[in-house]
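Accompanying notes for the structure given below.
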Amino acid sequence: MGRPKVKLAWVEERKRRATVCQRRMKELIQMAEELTIVCDMSACLVFYNRKNGKLVAWPSLEEAQSLIDCYNALPETERNMKADDEESSFIKTITKEIEKKLELSRKAVEELKMDNLMLQIKNGSRMIADLSQTEIEKLNSYASKKIAYYDRELRRQHPNTSGNEPFLEDDDGEMKTYEGESSESDGADNA
């Protein structure tokens, strides 16, 4: 069972404050020592008391200075790359969220473009023969994805129908049968 959460507040009594400081410093040093052993890494701690000018360094002042010098000798890009503070972690998280939103926005814009292109073809303001190869490929991909999406939605709403049942009438008034994917072969439904 862990230690109960301590309310952080200024300790008014000078002797008690010094005792708390010594105890906490010992705990931090012990944790840092364990971390260096368990993770096989170098670490140092430096405590400085502004009031009395006392400096405490672990494991020693020379080793702490050496480790800080090694870090400062790294190029700035490498130093920043290895830094894992709250601010950089927060920035990385926000950046990923913004990138996801940007990707969703790009997809939405592309869908709107394809919807607009389909509308123009339907209204006759554009002809299929006038489309570029890229536009045709994008339109084909978009239409295939939309058909698959609506097919899945229909199967989800009406699970007892198979993909081979007639669903459109011919110009002659007869029902046409279109072969589609069965629900067993549709990998997206089984995922």
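The simple Förster model, with R0 at 45 Å and r as the Cβ-Cβ distance, assigns Asn160 and Val38 a FRET efficiency of 0.15. Rounded to the nearest 10 square angstrom, Lys26 shows an accessible area of 150 square angstrom against a 1.4 Å probe. Site pair Lys54 and Glu12 shows an inter-label distance of 2.3 nm when each label is modelled 7 Å from Cα along Cα→Cβ.
Separation of the alpha carbons by more than 23 angstrom is noted, of Lys5/Lys96; Lys5/Lys54; Lys101/Lys145, for Lys5/Lys96; Lys5/Lys54.
Assign one of three labels to the stretch 19-138, namely rounded, prolate or oblate, based on the Cα gyration tensor with a ≥ b ≥ c the square roots of its eigenvalues; rounded applies when a/c is under 1.5, prolate when it is not and a/b is larger than b/c, and oblate otherwise. It comes out prolate by the Cα gyration axes. Residues in the stretch 1-125 average 90 Å² of solvent-accessible surface per residue, probe 1.4 Å, ligands and nucleic acids excluded. If R0 is taken as 35 Å, the Cβ-Cβ distance between Ser89 and Glu63 corresponds to a FRET efficiency of 0.80. Taking label positions 7 Å along the Cα-Cβ direction at both Ser144 and Val109, the computed distance is 2.5 nm, reported to one decimal.
The values are calculated or read from the model by the stated rules, or taken from the named source; none is laboratory data. Just so you know, these numbers come straight off a predicted model, no measurement behind them. With ideal geometry, Cβ positions are generated from the backbone for all residues, glycine too; neighbour counts draw on all protein chains shown. Keep in mind that these areas ignore ligands, DNA and RNA; they rest on the heavy atoms of the full protein, side chains included. Shrake-Rupley method; radii C 1.70, N 1.55, O 1.52, S 1.80 Å.
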